[in-house]
1. Within region 46-63, restricting attention to residues that are crowded, with 17+ Cβ neighbours inside 10 Å and either of a type in the set (A, V, I, L, M) or in a strand (DSSP E or B) (or both), which residue is nearest to the chain's Cα centre (by Cα)?
2. For region 107-145, which positions are surrounded by 13 or more Cβ atoms within 10 Å (Cβ to Cβ), farther than 18 Å from Thr59 by Cα and more than 19 Å from the chain's Cα centre (by Cα)?
3. Out of Asn97, Asn18, Asn43, Asn51, which single residue is out of contact with any helix residue (DSSP H, G or I) (no Cβ under 6 Å at 6 or more places or on another chain) and modelled with pLDDT of 95 or more?
4. Taking Leu84, is it surrounded by 11 or more Cβ atoms within 10 Å (Cβ to Cβ), at pLDDT 50 or above, out of contact with any Asp or Glu (no Cβ under 9 Å at 6 or more places or on another chain) and of a type outside the set (Gly, Ala, Ser)?
5. Can you name the residue in region 71-103 that is under 17 Å from Asp122 (Cα atoms) and β-branched (Val, Ile, Thr) and is also nearest to the chain's Cα centre (by Cα) among such residues?
Amino acid sequence: MKRFVLVSTVISAALVLNSTVFAAEPVKQQPKAATTAPAVEQNKEKRTIFNFRNELGLTDKQVEAMKALVNKLQEGIKEKTKNLEVLRKELVTMIQNRDKLAAIKSKIQNLANIQADISYFDIEISRKIEDVLTAQQLKKWKDIQKIVRDQIGKDNKPK
């Protein structure tokens with residue numbers, strides 16, 4: 001049961017952090033290629049849409065709107081994470097006390113519902129952030145994300 005809770009926590013965290021706001025993890029070594037965005041290649045630590053402000057041509061108003069959305073996301077996740085922590089502790093106690101299986105199942109479902117809410121909220125905010133961008137900016141942002149993620153995939157393959 002502890003393994004289930006741990007796995008679901010890891011999956012939930014992965015979903016939450018896979019927001020449109022984040023391009024990817026830091027890039028290790030990136031070969032020069034015609035399809036590589038210059039900003040990605042020049043600064044391997046750039047990770048969020050805000051770091052690509054110049055490349056995307058973001059206005060101050062766009063940045064301000066997106067930062068407000070990111071703050072809303074972070075606050076929502078923070079609140080829901082607190083709820084998850086409480087429910088997880090309750091679940092462990094229930095298991096240790098050998099509570100009725102129906103009650104344990106209900107607690108697990110409550111945990112899963114909160115994790116689903118976090119994932120949905122992340123997607124909802126990501127779409128609102130995308131709505132702040134022009135069509136051209138959105139296309140360029142998706143291209144940057146693809147380049148970075150493809151490179152990370154190559155870097156993480158067994159050699």
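The values are calculated or read from the model by the stated rules, or taken from the named source; none is laboratory data. Computed from a predicted model, the values in this text were never measured in an experiment. Ideal geometry is used to build each Cβ from the backbone, glycine not excepted, and the neighbour counts take in all protein chains shown.
1. Ile49
2. Lys107, Ile108, Asn110
3. Working: Asn18 fails: modelled with pLDDT of 95 or more; Asn43 fails: modelled with pLDDT of 95 or more; Asn51 fails: modelled with pLDDT of 95 or more.
None of the other options fit; the residue is Asn97.
4. Working: surrounded by 11 or more Cβ atoms within 10 Å (Cβ to Cβ): yes; at pLDDT 50 or above: yes; out of contact with any Asp or Glu (no Cβ under 9 Å at 6 or more places or on another chain): yes; of a type outside the set (Gly, Ala, Ser): yes.
When the stated conditions are applied, Leu84 passes them.
5. Of all residues in region 71-103, those under 17 Å from Asp122 (Cα atoms) come to 71-84.
Imposing the further condition that a residue be β-branched (Val, Ile, Thr) reduces the set to 77, 81.
Details: Ile77: 11, Thr81: 14 Å.
If we take residues in region 71-103 being under 17 Å from Asp122 (Cα atoms) and β-branched (Val, Ile, Thr), then Ile77 is nearest to the chain's Cα centre (by Cα).
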